[in-house]
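For reference, the structure discussed in these notes is given below.
The values are calculated or read from the model by the stated rules, or taken from the named source; none is laboratory data. Everything quoted here is computed from the prediction, not taken from an experiment. We place every Cβ from the backbone using ideal geometry, glycine too, and count neighbours over all the protein chains shown. Each accessible area value is taken on the protein alone, full model and side chains, heavy atoms only, with ligands, DNA and RNA left out. Shrake-Rupley method; radii C 1.70, N 1.55, O 1.52, S 1.80 Å.
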Amino acid sequence: MDFDKLQADVNMLLTRHFTKGRSGHKLKFTVVHYNAGDLTVEQCYNIWQSCEASAHYQVESGGRIGQLVNDSDTAWHARDWDANCESIGIEHANQGDSITDACLESGAHLLAAIHKYYGLGRPEWGVNVFPHSHFAATQCPGPLREGTTYHNRYMARAQQWYDAMEAGTEPGDAPTGETTQPSGEHSGQGFGGRYRCTVNYLRVRDAPGLSGTEVAHYSAGEAVTLDDWYKIADGYVWGRYTGYSGKVRYVAVGKATGKPEADDYLVRV
Ligand SMILES: [Zn+2]
């Protein structure tokens with residue numbers, strides 16, 4: 001694989017089950033998949049002859065990378081049309097609940113290379129890298145889903161590769177993933193303080209993410225004091241405070257764009 005030029009180890013371009021071009025959409029993010037099997041590039045190619053699906057890249061357990069749909073075309077991988085039009089889909093071979101070191105290394109390097117080549121920004125889960133499960137009801141990406149050691153190693157390594165490629169250097173040793181904080185969590189960066197709600201109905205949840213149960217809400221003009229912790233999940237930045245009940249509560253501060261925006265749901269007072 002030539003990561004600087006995005007030339008795969010092997011090209012087996014499909015002639016069906018993808019859409020030419022991007023239908024007027026702009027490439028914005030990547031989508032991470034797993035095979036639910038230990039497949040080769042050739043096996044993916046054969047499966048996608050009869051199955052109405054495809055992805056741009058397949059990363060094998062041995063680390064070999066194949067390209068099956070050109071980056072400039074729309075692969076059918078997310079089960080969401082807009083997401084397909086705006087993303088590059090990367091499949092990873094898995095061996096049951098595990099992913100080989102070679103697959104993790106090649107996959108993370110490829111992710112970084114795609115983000116650099118197309119100016120998608122430093123790979124950040126839930127911001128410009130999404131799991132297939134973000135767009136459809138699926139177990140995909142299996143062992144690479146958030147909260148696993150494989151996920152932590154994969155994303156940390158992708159960021160190492162991205163930083164190294166941007167700087168024109170080599171990355172340091174791959175992280176073990178064992179000591180990594182839960183992905184997307186940050187603290188102590190001056191995030192805390194008093195905020196005012198700008199929207200009519202802002203859900204307060206018992207967990208950071210869209211799956212958290214609504215336990216209360218804020219109305220426009222109400223104020224809340226967040227602590228210094230925040231987390232990026234489901235495409236939003238989640239702030240945290242401790243309620244009068246003593247329970248920890250979470251609110252979406254705004255879309256995860258990497259900076260405060262005019263249309264954030266909570267703005268600093
Ligand atoms: Zn998938």
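A few remarks follow.
- Once C-alpha pairs closer than 8 Å and six or more residues apart are averaged by separation and normalised to the residue number of the range 185-268, the relative contact order reads 32 percent.
- Accessible-area value, LYS28, 1.4 Å probe, nucleic acids and ligands omitted, Å²: 110
- Folded to 0 to 90 degrees: helix 41-50 orientation relative to the chain principal axis, Cα: 80
- Phi angles of the range 80-93 translate, via the Karplus equation with coefficients 6.51, -1.76, 1.60 and θ = phi - 60°, into HN-Hα couplings of 8, 4, 4, 4, 4, 5, 10, 9, 10, x, 10, 8, 10, 5 Hz per residue; Gly and Pro are given as x.
- Accessible area per residue, Å², the range 185-268 with all protein chains present, probe 1.4 Å: 54
- From phi via Karplus (6.51, -1.76, 1.60), per-residue ³J(HN,Hα) for the range 114-126 in Hz, x at Gly/Pro: 5, 5, 6, 4, 9, x, 7, x, 4, x, 9, 4, x
- Taking all protein chains together, ARG122, ARG194 sort by accessible area into ARG194, ARG122, largest first [probe 1.4 Å].
- Sequence-ordered 3J(HN,Hα) estimates for the range 208-221 from the Karplus curve with 6.51, -1.76 and 1.60 and θ = phi - 60° stand at x, x, 5, 7, x, 7, 6, 10, 5, 8, 10, 10, 4, x Hz, glycine and proline given as x.
- Take every Cα pair under 8 Å whose residues are at least 6 apart in sequence, average their separation, divide by the length of the range 10-167, and the relative contact order is 28 percent.
- All aspartates and glutamates inside 20 Å of LYS26 as judged from Cα atoms, apart from same-chain residues fewer than 8 positions distant: ASP71, ASP73, ASP80, ASP82, GLU86, GLU124
- Whole-percent carbon and sulfur share, accessible surface of the chain, 1.4 Å: 47
- Nearest-0.05 FRET efficiency for ASN200 and LYS5, computed from C-beta distance (R0 41 Å): 0.25
- Candidate lysines for bridging to LYS20, where Cα separation is under 30 Å - those fewer than 8 sequence places away on the same chain excluded: LYS5, LYS28, LYS116
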